[in-house]
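Single-structure report; data block below.
No lab work stands behind these numbers, since they all come straight from the coordinates. Model, not experiment: these values are computed from the prediction. Virtual Cβ from ideal backbone geometry, glycine too; neighbours counted across all protein chains shown.
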Amino acid sequence: MADEPSVPTTGAGVVRGSAQPPPPKSHVIAPAGVPSVAMDDVSAAYGRRAALAHVDLTVAPGSLLAVIGPNGAGKSTLLKLIAGLVRPTSGSITVLGGPPGANARSIAYLPQAEAVDWEFPVTVREVVTMGRYARLGFWHEPGRDDRDRVAAALSTVGMADAGDRQIGALSGGQRRRVFLARAIAADPDLYLLDEPVTGVDATTQEDLMDVLEAEARSGKTVIATTHDLACAAQRFQKVATVNRRIVAHGPASLVLDPNVLAATYGGHLLVLGGQAVVLDDAHHHDQASGPERHFHEDSRR
């Protein structure tokens, strides 16, 4: 259909006769100094509908990057491009030193909560164990190390005692904790998280952000979309503001800049730190925004 994204197909191994299953691929680590993500003049579309245009974005290892912007701005598409789930219509993307999808075992992608079938009959422990499958390969059962990593991931997100519960019986905040645990259990070098703290209570949000900060400090790269501008300003190192293009990319303090917000959101009502802020609409919503703005601050990580 015209509105469906272009999804790359990957060949699955087929066993014939007595052929042995292929061994799981090793953990790929990009060479030192190579960006976790490098996007050069990247555009993407769903059918004839443009989603992103002329995106330039470089993300260093160990970054904790928030991606913000209005609904329909292309934030989720940005993550899917990096994950290799959507092909760009133009431009080039390098992820962990290779093309998107080449290092899939080193990437953990967490979709929006709405994209998950919560009625599927599976336990919390089984969901988190799914994070280990990419490293196990075909026909390999989880071993002791895998079970230990699953238990540690559940403990990290505060769900150590919930392993036998059905995922559908959990609250929204508990579900987000479990899916973050699945990502942690994968032991990735790059996290791609679509709204990981949306719709959760303040305590859960703080707990999950503590986990993401710790992962970034350990050298992992975290890229997360969010609608919470106060959280982006206070808990992330960097931000990229998106509205079909990269409007601004730089330190997290950019989300407190009225000019950046006006260029990103237009004349919308925003809430910053519990206070409503009305921005003047610099352009009509069906027109292109002004020129891209870049900001740099090398002293902050």
Linear extension gain, A151 paired with V122, 0.36 nm per residue minus alpha-carbon span | 8.8 nm
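Fully extended, how many nm does the chain gain between T58 and R217 (0.36 nm per residue separation, minus their Cα-Cα distance)?
Working: separation 159, 0.36 × 159 = 57.24 nm, distance 1.85 nm.
Gain on extension, T58 to R217, equals 55.4 nm.
Find the all-direction average of the projected area of the Cα convex hull for the stretch 51-206, expressing the result in square nanometres with one decimal place. Working shown, then result.
Numbers: hull surface 41.0 nm².
Over every viewing direction, the Cα hull of the stretch 51-206 projects on average to 10.2 nm².
Using only Cα atoms, figure out Rg for the stretch 117-188 and give it as a multiple of 2.2 N^0.38 Å. Kindly include the intermediate steps, with their values, before the conclusion.
Details: Rg = 11.4 Å, N = 72, 2.2 N^0.38 = 11.2 Å.
It is 1.02.
Taking the mean number of other Cβ atoms within 10 Å as a proxy for protection, how do you rank 223-235, 142-154 from highest to lowest?
Working: 223-235: 20.8, 142-154: 16.2.
Packing proxy ranking, top to bottom: 223-235, 142-154.
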Packing rank of 125-131, 56-62, 46-52, 35-41, where each peptide gets the mean count of other beta carbons within 10 Å, highest leading | 125-131, 35-41, 56-62, 46-52
